[in-house]
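Here the structure comes first, spelled out in structure tokens, and everything after it is commentary.
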Amino acid sequence: MSIFIVELFFYTWCRVQNVRVGYEISKKRDKHQNLLTLQNNLEVELARLRSPERLSEIAKHRFNLTIPTPEQIIVVYEK
């Protein structure tokens, strides 16, 4: 009879561990999906921040830069 009770406790312990590990896997899978979504959002944000139009607007308004006239351009040749 005691062997049966020990087997029952062992089986119950195994099932509880199985369920616990299943929950941990589910949590990790959700966290992984959230991190992938965050990575995609950050890549889109980086592309937006690097866009030539945005950089041109910053150069014009924040730094008062303008496109040089042909007279202002000096070509330097490499020897």
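The values are calculated or read from the model by the stated rules, or taken from the named source; none is laboratory data. Being a predicted model, the structure only gives us computed values, none of them experimental. Counting neighbours? That spans all protein chains shown, and the Cβs are built from the backbone with ideal geometry, glycine included.
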Residues of the range 40-54 being surrounded by fewer than 10 Cβ atoms within 10 Å (Cβ to Cβ) and not hydrophobic (A, V, I, L, M, F, W, C), which ones? 50, 52, 53
Look at the range 34-57 and say how many of its residues are assigned to a helix (DSSP H, G or I) and among the small types (Gly, Ala, Ser). 2
So which of 31, 60 ends up being at pLDDT below 95, within 34 Å of the chain's Cα centre (by Cα) and assigned to a helix (DSSP H, G or I)? 60
